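A quick write-up on the structure given underneath.
The values are calculated or read from the model by the stated rules, or taken from the named source; none is laboratory data. Model, not experiment: these values are computed from the prediction. Note that each Cβ is placed from the backbone with ideal geometry, even for glycine, and that neighbours are counted across all protein chains shown. Areas reflect the complete protein model, heavy atoms only, side chains present, ligands, DNA and RNA absent. Shrake-Rupley method; radii C 1.70, N 1.55, O 1.52, S 1.80 Å.
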Amino acid sequence: NAGVTQTPKFQVLKTGQSMTLQCAQDMNHNSMYWYRQDPGMGLRLIYYSASEGTTDKGEVPNGYNVSRLNKREFSLRLESAAPSQTSVYFCASSGLTGAAYYGYTFGSGTRLTVV
Amino acid sequence: AQKITQTQPGMFVQEKEAVTLDCTYDTSDPSYGLFWYKQPSSGEMIFLIYQGSYDQQNATEGRYSLNFQKARKSANLVISASQLGDSAMYFCAMRASGNKLVFGAGTILRVKS
């Protein structure tokens, strides 16, 4: 099925460990995003990539790095995980819809726990 | 800075009744888009409805309608004939500069039988 695929779905890390969350979309969208969701705070933007070859910081970029590997793939890396990074992470992509507005498609999320 | 405010942390509604979820927004951009998403307990983000800032009519999608009051900067979601399956978290969001999506804190809706 067309959409946004995130891996892994669940992950437990120890403080100080590193990991990379993978995201791929098959809708030929130019823009891709990484969000984190914490209780009571909605989704907050970590990083985004408006087009292949560009990345920009969002609202909460500290402790994260991203790579736009190609048009399809946008990865999020935690170099040294901290308990404050325990969250649910969503990848999303956006592009023009059939109704001619920019729609956003979300992956199913990654539940990350840092102990 | 663009901002979305959802002032209702939680709402209850009786099955088959209508419910309104509030959303106000702040932006200085003349062109913007407003979205509502549903997040059930399973966690996925489900797109419900979209309203463009230049759209003359309020958006409707089945049982969902968006009450867009541009002067008041509000974009309330109305769900008619509530069903038990409507119990979920609902997020209002706005397309901001750079095509980023800015979210509100969300409203948890519980439908009672």
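Please state which of the following conditions A:Gly58 fails to meet, knowing it meets all the rest: (1) closer than 22 Å to B:Glu44 by Cα; (2) small (Gly, Ala, Ser); (3) over 14 Å from the mean Cα position of the chain (by Cα).
(3)
Can you name the condition, by its number, that A:Pro39 falls short on among (1) within 14 Å of chain B (Cβ to nearest Cβ); (2) open to solvent by less than 60 Å² (accessible area, probe 1.4 Å); (3) within 22 Å of A:Pro8 (Cβ to Cβ)?
(2)
Go through B:Gln56, B:Gln69, B:Gln39 for me and flag whichever is without any contact (Cβ under 8 Å) to a residue 40 or more places away in the chain and within 22 Å of B:Thr7 (Cα to Cα).
Unique residue meeting the criteria: B:Gln69.
Results for (1) within 22 Å of B:Ser41 (Cβ to Cβ); (2) open to solvent by 20 Å² or more (accessible area, probe 1.4 Å), shown as yes or no for each residue.
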{"residue": "B:Ala81", "(1), (2)": "yes, yes"}
{"residue": "B:Cys92", "(1), (2)": "yes, no"}
{"residue": "B:Lys100", "(1), (2)": "no, yes"}
{"residue": "B:Thr107", "(1), (2)": "yes, no"}
{"residue": "B:Ser113", "(1), (2)": "yes, yes"}
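Check B:Phe47, B:Phe68, B:Phe35 and return the single one that is within 12 Å of chain A (Cβ to nearest Cβ), open to solvent by less than 50 Å² (accessible area, probe 1.4 Å) and in contact with a strand residue (DSSP E or B) (Cβ under 7 Å, 6 or more places away or on another chain).
B:Phe35
Search region B:1-22 for residues that are over 18 Å from B:Val102 (Cα atoms) and more than 14 Å from chain A (Cβ to nearest Cβ) and pair each with any residue that is in a loop (DSSP other than H, G, I, E, B) and open to solvent by 100 Å² or more (accessible area, probe 1.4 Å) when their beta-carbon atoms are under 7 Å apart and the residues are at least 6 apart or on different chains.
Close Cβ pairs (under 7 Å, with a partner that is in a loop (DSSP other than H, G, I, E, B) and open to solvent by 100 Å² or more (accessible area, probe 1.4 Å)) amount to B:Glu15/B:Ser113.
Can you pull out every residue in region A:81-100 that is within 9 Å of chain B (Cβ to nearest Cβ), in contact with a strand residue (DSSP E or B) (Cβ under 6 Å, 6 or more places away or on another chain) and among the small types (Gly, Ala, Ser)?
Matches in region A:81-100: A:Ala92, A:Ser94.
Test A:Glu59 against the stated conditions and say whether it is of a type in the set (D, E, K, R), away from chain B (no Cβ under 14 Å) and either closer than 24 Å to B:Tyr90 by Cβ or surrounded by fewer than 17 Cβ atoms within 10 Å (Cβ to Cβ) (or both).
In short, no.
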